[in-house]
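Okay, structure first, notes after.
What follows is calculated from the coordinates using simple rules that are stated; it is not laboratory data. Quantities reported herein were computed from a predicted structural model and do not represent experimental measurements. We place every Cβ from the backbone using ideal geometry, glycine too, and count neighbours over all the protein chains shown.
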Amino acid sequence: MSRIKTNEEILHLREGGRILAQILKTLGEYSKPGVSTEDINDYALQLAEDFGVEPVLLGYHPEFANHPYPAALCTSVNNTVQHGVPRADEVLKEGDIINLDMSIGYKGMITDSGITVPVGKTDSVSEKLMQTTREALALGIKAAQPGNHIGDIGHAIQTFVESRGFSIVEVLCGHGVGHAVHEEPQIPNYGRPGTGPLIKVGNVFAIEPIVNVGSKEVYFDDDGDGYSVYTVDGSRSAHFEHTVAITENGPEIMTRL
């Protein structure tokens, strides 16, 4: 289980989280037709420098990967579920949707957040997908009460998403965060109430529903960039994520303005 964070550490997470929220808001507004995902990455690097924060994904080397991650954030377009690597030849088009997922270090603490935004005007299914994922995140956070269990978070997310006719990606999940990008416990977006680790005051979680229009099945681009994950059926996917601290008064979102 993730180590309990002190009040001072949570203060630093709160400060860093607000910076990350501002960076993502700015990047979302920048994600227009004609902009490449490499352009977005370049802007993310500039914003990190401007705000005096560390883009901790750059050079991060997870166990599953053959090489370190080469960018400041993940840019996942349309049917790219997660971990999309920015590219100069990936140019956004009217009607696309793009997920921007970034982690930063500030005063020794790491926050992690993600948003999905439309590129110009998109279709009604994509709008419903994004709204459903956003609402599922809110319900997952609401379930992260002291004394509840990790399974309560996943159950709240899964039941809502499936009631809207979408599917939850099960092979990717949320996680503890704070001293590292990924800490224990894993936080699946599905589950049974009352199961899994106990949620305690001082825990800090990255809660992140990942929702597909079609099948929940995905595949990993092991022979390509080594990071990107795609929907098997080519359907669109959305992701929203907040870093959340568990306080005596309940969950507090660190990564919002």
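Who wins for biggest fluctuation among V161, V35, V125 in a Gaussian network model of the chain, springs between alpha carbons below 10 Å?
Among V161, V35, V125, the largest mean-square fluctuation in the Gaussian network model of the chain belongs to V125.
Between rounded, prolate and oblate, where does the range 147-235 land on the alpha carbon gyration tensor, with a ≥ b ≥ c its root eigenvalues, rounded for a/c under 1.5, else prolate if a/b exceeds b/c?
Oblate.
Note the direction-averaged projected area, equal to a quarter of the hull surface, for the Cα convex hull of the chain, in nm².
Here the figure is 12.3 nm², rounded to one decimal.
Let me know the longest stretch in the chain that avoids all chymotrypsin sites (Phe, Trp or Tyr not before Pro) found in a DSSP loop with at most 16 other C-beta atoms within 10 Å.
Counting at most 16 other Cβ atoms within 10 Å as exposed, the longest clean stretch of the chain is 65-257.
Which of rounded, prolate, oblate describes the range 32-81, given a ≥ b ≥ c as roots of the alpha-carbon gyration tensor eigenvalues and a/c under 1.5 marking rounded, otherwise prolate only if a/b is larger than b/c?
Since a/c reaches 1.5 but b/c is at least a/b, the shape of the range 32-81 is classed as oblate.
Using the Cα centre of the chain as the reference point, and only Cβ charges (+1 on K/R, -1 on D/E), how large is the resulting charge dipole? Debye, rounded to the nearest 20.
Computed about the Cα centre, the dipole is about 900 debye.
Given the C-alpha centroids of the range 128-199 and the range 55-76, what is the distance between them in whole angstrom?
Between the Cα centres of the range 128-199 and the range 55-76 lies a distance of 23 Å.
Would you work out if the range 36-179 is rounded, prolate or oblate? Take a ≥ b ≥ c from the square roots of the eigenvalues of the alpha-carbon gyration tensor; rounded if a/c is under 1.5, else prolate when a/b is larger than b/c, oblate otherwise.
Oblate, since a/c reaches 1.5 and b/c is not below a/b.
Determine the alpha carbon to alpha carbon distance for each of K32/K142; K128/K216; K25/K216 and list only those over 25 Å.
In this structure, K32/K142; K25/K216 exceed 25 Å between Cα atoms.
Within the range 1-77, list the GluC sites (Glu not before Pro) lying in a DSSP loop whose Cβ has at most 12 other Cβ atoms in a 10 Å radius.
Sites meeting the loop and neighbour criteria: E63.
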